[in-house]
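Notes for the one structure printed next.
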Amino acid sequence: MFNQAFLSETPATDSASLIGRNIEINVGAFLKNPKKHHMKIKFKIIEVSGKNALTRFNGFVCAREYVFKIVRKRSQKVEIINDFETKDGWKLQITGLIILNRNTETTVQRKIRLKAEAMIKEFARNHTINDFVKKIIDEVLQKSIKKKCSKIYPVRFSEITKIEVKKAG
């Protein structure tokens, strides 16, 4: 995904004990972009060759403090939690968050939730896992959700807060 970039070091007495371990890295430090300090990517070690361990994507999460900072009084929080499938067969549970400018009726919330779910589903269906994760990190999907859903009701903020891998492709 990141052209075999160095993620981190981990101690082990036996290289076989590394397989199955999870590594969580901060995207801001990894990509040297302080604007992405709130994002973390999880990787799982799947193979060890010599002194190197090969990993695969195993999840994505936004820092809770970042999400708490965004949600304010007199604004509406709309959450999306659903399973989606990528072009290359990965099954992911994605949690999205949309913050509306004011408290709204449930019909408006439902319309925005359905629109956002449809956009995420279409986006996942048209991208491989590598492209999908890179576009989430670059906030391409989040910006398009904000733009399209603002036509229904003004959206202050849109974010993908969590991605769990249900089944690797």
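Does Glu117 fit the bill of being charged (D, E, K, R), modelled with pLDDT under 95 and crowded, with 16+ Cβ neighbours inside 10 Å?
Values: charged (D, E, K, R): yes; modelled with pLDDT under 95: no; crowded, with 16+ Cβ neighbours inside 10 Å: yes.
Against the criterion (charged (D, E, K, R), modelled with pLDDT under 95 and crowded, with 16+ Cβ neighbours inside 10 Å), Glu117 does not qualify.
Is it the case that some residue within region 125-141 is under 16 Å from Ile70 (Cβ atoms) and part of a strand (DSSP E or B)? Explain how you work it out, then say what you get.
Restricting attention to region 125-141, the residues satisfying the condition of being under 16 Å from Ile70 (Cβ atoms) are 139.
Still in the list and also part of a strand (DSSP E or B): none.
No, the conditions are met nowhere in region 125-141.
Consider Arg56 carefully, then state whether it is outside any helix (DSSP H, G or I) and exposed (fewer than 13 other Cβ atoms within 10 Å of the Cβ). Show your work before the answer.
On the way: outside any helix (DSSP H, G or I): yes; exposed (fewer than 13 other Cβ atoms within 10 Å of the Cβ): no.
For Arg56, the condition - outside any helix (DSSP H, G or I) and exposed (fewer than 13 other Cβ atoms within 10 Å of the Cβ) - is not met.
Of everything in region 3-45 that's surrounded by 15 or more Cβ atoms within 10 Å (Cβ to Cβ), out of contact with any Asp or Glu (no Cβ under 9 Å at 6 or more places or on another chain) and not in a helix (DSSP H, G or I), which residue is modelled with the lowest pLDDT?
Result: Leu7.
What about Lys151, is it in contact (Cβ under 8 Å) with a residue 24 or more places away in the chain, surrounded by fewer than 17 Cβ atoms within 10 Å (Cβ to Cβ) and part of a loop (DSSP other than H, G, I, E, B)? Talk me through it step by step, then tell me what you get.
Details: in contact (Cβ under 8 Å) with a residue 24 or more places away in the chain: no; surrounded by fewer than 17 Cβ atoms within 10 Å (Cβ to Cβ): yes; part of a loop (DSSP other than H, G, I, E, B): yes.
The answer is no for Lys151.
If the requirement is being touching a Leu at 6+ places or on another chain (Cβ under 8 Å) and without any contact (Cβ under 8 Å) to a residue 24 or more places away in the chain, which of these qualifies: Lys69, Lys77, Lys42?
Values: Lys69 fails: touching a Leu at 6+ places or on another chain (Cβ under 8 Å); Lys42 fails: touching a Leu at 6+ places or on another chain (Cβ under 8 Å).
Every option except Lys77 fails the conditions.
Go through (1) surrounded by 14 or more Cβ atoms within 10 Å (Cβ to Cβ); (2) under 22 Å from Ile163 (Cβ atoms); (3) of a type in the set (S, T, N, Q) and name the single condition Gln76 misses.
Only one criterion is unmet by Gln76, namely (2).
Kindly check whether there is at least one residue in region 73-93 that is of a type in the set (Phe, Trp, Tyr), part of a strand (DSSP E or B), touching a strand residue (DSSP E or B) at 6+ places or on another chain (Cβ under 8 Å) and on the phi < 0 side of the Ramachandran plot.
Scanning region 73-93 turns up at least one residue that is of a type in the set (Phe, Trp, Tyr), part of a strand (DSSP E or B), touching a strand residue (DSSP E or B) at 6+ places or on another chain (Cβ under 8 Å) and on the phi < 0 side of the Ramachandran plot.
The values are calculated or read from the model by the stated rules, or taken from the named source; none is laboratory data. Note that the structure is a prediction, hence the values are computed from the model and not measured. Reconstructed Cβ throughout: ideal geometry from the backbone, glycine too, with neighbour counts over all protein chains shown.
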